[in-house]
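Working notes for the structure below.
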Amino acid sequence: MSQTSPPAASTTDFARLLSPRGIALIGASANAASVGGQPLRYLTEFGYAGRVYPVNPKYPQLAGLDCYPNVREVPDPCDLAIIVVGARHVPSVIDQCGSRGIPFAIVLSAGFQEIGSRGAENQRALEQALARSAVRIVGPNCIGVLNLNEHIHAGFGSAMSNRNLLPGRLAMVTQSGGFGFAMVAAADQQGVGFNYIVSTGNETSIKATEFIRYLIERSDTDAVVAYLEGSTDGRGLIDIGRRALELEKPVLLWKVGNSRSGKRAATSHTGRLSAGSELFRRAIEQGGFIEIGDTDDMVDLAQFLRYRKRAKGNRTAILTLSGGAGVLVADLCEAHGLEVPETSTDTIAKLKPLAYELGSLTNPIDLTPQGYSDGFASYNRVIETVLAAPEFDQAIVRSAPGAVAATWAAGFVAVAARSDKPVLLQWGTSSEHYREAIETVRQAGIPAFLSPRRSVSALGAMYRFGVKVQRLKARAQKPSDRPVSAQSLDLPDSGATLGERRSKQILARYGIPVVREILVAESEIDSLRSDQFVFPLAVKIESPDIAHKTEAGAVRLRIADLASLRKAAHEVIDSARNYRPGARIDGVLVQEMATGTEVILGAVDDPYFGPTVMFGLGGVLTEVLHDVTHRFAPFDHDSALDMLAEIKGAALLRGYRGAPALDTEALADTLARLSWLIHDHAGRIREIDVNPLFVRPHGQGVVAADALIVLSEDGSQIAPRK
């Protein structure tokens, strides 16, 4: 036995967990059908090459192996413990693993937070033991971990008992052990294999996002399948999404339920429009994730992941022996963002000597009568000519009839191999005539489908993933100079809502234009002079205790003269005091009346996703239609322009029905500056609301007419991030 120092609790290198040299099974059982007996049988009978150490004081031996009375007696090497004891005993076992120097454990035992208040004490004791021992665990309340490359079946259940599961290059992380392993079994039936499958259980120690991040970095993994019911690691998801794009390895994400991050109270419009489920959605859309909603989606995408050819664009040629099928596939392509361009005159000229006149050489290319006299060899010559055409990036081919499919398929595979463009095959039927042809195409690794919908859906998903990859690469080549250096801000020492004037002064520090204004004390109202102002004006209460001035009736607009100004100033003060007696009143703000198209900008330091910026058009489009978009801060000018194009009302920014185009360059610059403001002072500033911001015609800029900054409750002064 060896006593070694425990590893750091923060370790995210899971090599010894997934590929342990030795495994201690704590709570091992002689009953091969029990939860403690199943992993013992799997580890000793399915080909695991490492050492297995049963631990149970009841037995001197189990499965022909020495059985140890406790963890401390287990010899080296031992990298992993599988724990199958009652919930109340798990914490003490974790302590023993820590003192023994075992870095990882899989806790199959249930009876913790998943059963509510009845498991609360067990949960607290487990967390305390983990803190003491520095052991990192999978679970509790999980099914276990599979490493099919090394025949390590470290868990229990029907899928775990299948020693013939097909190894592959997909990894899986699932928060539902039963459903996740059912997906593995279903994929296995369709010829798709996995290497590592992790059931994360309660995630008391190791989060699903940590496993995803680790597995996507492995050279033996092409993609990670993730089944998530929820996550509080929003920033982790953002980082994973970016890394997946950098590695060009997608995360196939099946997301159910919603993040719980939207349950916190929000003071500003921005806070209310940045619910957790919305940010979760944005993390998926902006990162290297491909959403799936069925096991079939995963199986279909797996074909493309094995197929190394990637299209340089979305221009798709459709070749078919059925005109109706061609129309159907064309409709599906357009629905999934794939262009179906017309065949060029040069390509048509090359095709005419190869094709019958009864066919159609436009795209979709319908060759209904083609090939019956030559075993469809001429069909393959048409396919090769189309693949060489510069107007197409990829091709979808409908197969030749079953009677000659085997002969045709061999020629088709050869044609596809000679082109650097990806080709997707759709079978016309699944009759027995196709069996040899199907095997020929499968061995060549060409994606092939019976369902047109499934094939084009997968093709479209891979194309959209590729677009995100190329966009990231393009931006990585551009200089990433920030538009403004980090600014030190003189903020109160405690959580507070800043008044409008102070909020806009902070915006101005980051170069965000704000309206001209003066603060007038209540005692100065009656002595105001008309030569101090240019009418019309706006009058608002200035109070750090009144966040929503309109609700308080403390705003007056389009003030045309001095008498109206004095009257409006007294009215907003009276309204503010009636709305909130005892509110601090600093005076009234007298502002220029800004004009332009109203938009709303905001930023939050989300507790799970971190600094985030929101943008939407003002008025009903924001409040009722929820026409907003988000980006995670900080970001550059180009990302800000992407935000502007994402909203449903984007046409209003470009100019609509004769209206002038707006200054989107200035608007994008303001969004980028706001992203750096919330990034630099995240942890100190909780919310920023800029509502409205007026966008003027092209070349005339933007101006913020109102702003609200809400500080976090932590009053410590945090230096701006560099």
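Listed here are the strands (runs of 3 or more DSSP E) enclosed by the range 590-693 that have at least 2 residues being without any contact (Cβ under 8 Å) to a residue 60 or more places away in the chain: 610-617.
Summed over the range 421-452, the residues that are assigned to a loop (DSSP other than H, G, I, E, B) and within 16 Å of L305 (Cα to Cα) give a count of 5.
Listed conditions (1) over 30 Å from A185 (Cβ atoms); (2) open to solvent by less than 10 Å² (accessible area, probe 1.4 Å); (3) touching a Lys or Arg at 6+ places or on another chain (Cβ under 8 Å); (4) assigned to a helix (DSSP H, G or I) are all met by F280, apart from (1).
Taken together, the criteria exclude A49 from residues that are among the aliphatic types (A, V, I, L, M), in a strand (DSSP E or B) and either at pLDDT 95 or above or more than 20 Å from S199 (Cβ to Cβ) (or both).
Taking every residue in the range 433-451 that is of a type in the set (S, T, N, Q) and pairing it with any residue that is at pLDDT below 90 and in a helix (DSSP H, G or I), at least 6 positions away or on another chain, the pairs with Cβ-Cβ distances below 8 Å are T440/A406.
Taking K473, is it under 30 Å from I446 (Cβ atoms), open to solvent by 60 Å² or more (accessible area, probe 1.4 Å), not in a strand (DSSP E or B) and not acidic (D, E)? So K473 fits the description; yes.
With the condition being over 17 Å from P422 (Cα atoms) and out of contact with any Gly (no Cβ under 8 Å at 6 or more places or on another chain), I'd like the helices (runs of 4 or more DSSP H) fully within the range 318-399 carrying at least 2 qualifying residues.
Details: elements: 323-335, 345-351, 377-388.
Counting at least 2 such residues, we get 323-335, 345-351.
Yes or no, residue by residue, for (1) in a loop (DSSP other than H, G, I, E, B); (2) free of Cβ contacts under 8 Å to residues at least 12 places away in the same chain; (3) over 22 Å from G701 (Cα atoms):
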position	(1), (2), (3)
R501	no, no, no
G511	yes, no, no
I518	no, no, no
A538	no, no, no
T550	yes, yes, yes
K567	no, yes, yes
V572	no, no, yes
A583	yes, no, yes
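Only residues that are open to solvent by 70 Å² or more (accessible area, probe 1.4 Å) and polar (S, T, N, Q) were counted in the range 51-82, giving 1.
When Q426 is tested against (1) of a type outside the set (D, E, K, R); (2) over 18 Å from L450 (Cα atoms); (3) open to solvent by less than 10 Å² (accessible area, probe 1.4 Å), only condition (2) is not met.
Considering only residues in the range 86-120 that are farther than 19 Å from G177 by Cα and charged (D, E, K, R), the one that is least open to solvent (accessible area, probe 1.4 Å) turns out to be R100.
Output yes when any residue across the range 225-233 is touching a residue at least 40 places away in the same chain (Cβ under 8 Å), over 30 Å from G37 (Cβ atoms), aliphatic (A, V, I, L, M) and out of contact with any Lys or Arg (no Cβ under 7 Å at 6 or more places or on another chain), and no when none is. Checked against the condition, which is being touching a residue at least 40 places away in the same chain (Cβ under 8 Å), over 30 Å from G37 (Cβ atoms), aliphatic (A, V, I, L, M) and out of contact with any Lys or Arg (no Cβ under 7 Å at 6 or more places or on another chain), the range 225-233 yields at least one hit.
Determine, yes or no, whether D13 is touching a helix residue (DSSP H, G or I) at 6+ places or on another chain (Cβ under 7 Å), in contact (Cβ under 8 Å) with a residue 60 or more places away in the chain and either more than 28 Å from E121 (Cβ to Cβ) or among the aromatic types (F, W, Y) (or both). Walk me through it before giving the result.
Details: touching a helix residue (DSSP H, G or I) at 6+ places or on another chain (Cβ under 7 Å): no; in contact (Cβ under 8 Å) with a residue 60 or more places away in the chain: yes; either more than 28 Å from E121 (Cβ to Cβ) or among the aromatic types (F, W, Y) (or both): yes.
Spelling it out, it is not the case that D13 is touching a helix residue (DSSP H, G or I) at 6+ places or on another chain (Cβ under 7 Å), in contact (Cβ under 8 Å) with a residue 60 or more places away in the chain and either more than 28 Å from E121 (Cβ to Cβ) or among the aromatic types (F, W, Y) (or both).
A Cβ distance below 8 Å, combined with a sequence gap of six or more or placement on separate chains, defines the contacts here; from the range 177-188, residues that are touching a residue at least 24 places away in the same chain (Cβ under 8 Å) reach residues that are crowded, with 16+ Cβ neighbours inside 10 Å and assigned to a helix (DSSP H, G or I) in the pairs M183/T295; M183/M298; A186/T295; A186/V299; A187/T295; A187/M298; A187/V299; A187/A302. Restricting the range 393-417 to residues that are under 23 Å from S344 (Cα atoms) and within 36 Å of the chain's Cα centre (by Cα), the residue that is most open to solvent (accessible area, probe 1.4 Å) is R398.
The values are calculated or read from the model by the stated rules, or taken from the named source; none is laboratory data. All values reported here derive from a predicted model rather than from experimental measurement. Positions of Cβ are backbone-derived with ideal geometry, glycine not excepted, and every protein chain shown enters the neighbour counts. Ligands, DNA and RNA are excluded from the accessible area calculation, which covers all protein heavy atoms including side chains. Shrake-Rupley method; radii C 1.70, N 1.55, O 1.52, S 1.80 Å.
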